[in-house]
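Read the structure below first, then the notes.
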Amino acid sequence: MQLIMEGTARLLEGIFRVAVHVGRILRLGFVRRLVRNAWWKARLQAMGDESTIYPFVMIHEPEHVRIGARCAIAEFVHIWGSGGITIGNDVLIASHAAITSVTHDPKARCFRETTVRKAVEIGDNVWIGAGAIILPGISIGMGSIIGAGAVVTKSVPPGTLIVGVPGKANTEHLPVGKDLHKGIWVRRSTQH
Ligand SMILES: CC(C)(COP(=O)(O)OP(=O)(O)OC[C@H]1O[C@@H](n2cnc3c(N)ncnc32)[C@H](O)[C@@H]1OP(=O)(O)O)[C@@H](O)C(=O)NCCC(=O)NCCS
């Protein structure tokens, strides 16, 4: 009996290996990506050329979400779009980031009965780190970085690096500005 089980497991493993090779030869990953992007393009308010939305991304009410060109939205990003979300060009959003344009009235007797919508705007060339949270009504200026795990509770001027909870601008150790036209980072000198 054990011999049969082991044989079956080996056979299945072999079949999977062959399937993976065939998939690679036929470039099925590329096709899957094309289909996934076409699916989102049809549902979003707008999605620019060369943008990629990776698997397992969740976007509620995508008809209120605009995504620019050359953006990458990684696995498990969660977006609540009903208040309106605009994402610029060349934006990177890492895994498990959450962006919400909708909340509830914290003063209400029953939160469930209230829905508060506030638009979110993310400028060009913004990088949002893994697990960051962007709250309703926030604007993030172009060229900014939101560090992994930061919770952004206030709007962010262009070229700012935000870290922590609640998110604060880090102006001591980290890159604080760059020439956006040349794409060159300007690092502030550190004292250690
Ligand atoms: C914010 C970030 C870009 C800074 O990178 P960096 O300039 O190389 O920063 P360093 O590692 O030199 O750290 C500098 C300081 O900032 C702190 N820091 C760095 N990232 C931080 C973060 N996300 N939250 C809080 N503090 C952070 C470090 O502890 C260090 O503080 P110290 O000097 O007091 O010890 C980076 O840490 C980050 O969060 N990247 C996101 C990575 C990610 O999400 N990847 C997924 C795929 S894109």
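The values are calculated or read from the model by the stated rules, or taken from the named source; none is laboratory data. Computed from a predicted structure; not experimentally measured. Glycine also receives a Cβ, built like all others from the backbone with ideal geometry; neighbour counts cover every protein chain displayed.
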Restricting region 55-94 to residues that are closer than 19 Å to Asp124 by Cα and of a type in the set (Gly, Ala, Ser), which is farthest from the ligand (Cβ to nearest atom)? Gly84
Of everything in region 139-159, what is within 15 Å of the chain's Cα centre (by Cα) and on the phi > 0 side of the Ramachandran plot? Give them in sequence order. Gly149
Go through (1) on the phi > 0 side of the Ramachandran plot; (2) in a helix (DSSP H, G or I) one by one and return the number of the condition Glu63 breaks. (1)
Looking for something in contact with a Pro (Cβ under 8 Å, 6 or more places away or on another chain), in the same structural domain as Gly68 (by TED's automatic domain parsing), surrounded by 15 or more Cβ atoms within 10 Å (Cβ to Cβ) and among the hydroxyl-bearing types (Ser, Thr, Tyr) - is there at least one such residue anywhere in region 134-152? yes
Being in the same structural domain as Gly131 (by TED's automatic domain parsing), within 22 Å of Ala94 (Cα to Cα), in contact with a Phe, Trp or Tyr (Cβ under 7 Å, 6 or more places away or on another chain) and acidic (Asp, Glu), is that true of even one residue in region 56-77? yes
State whether one or more residues within region 44-54 are more than 16 Å from the ligand (Cβ to nearest atom) and in contact with a Leu (Cβ under 8 Å, 6 or more places away or on another chain). no
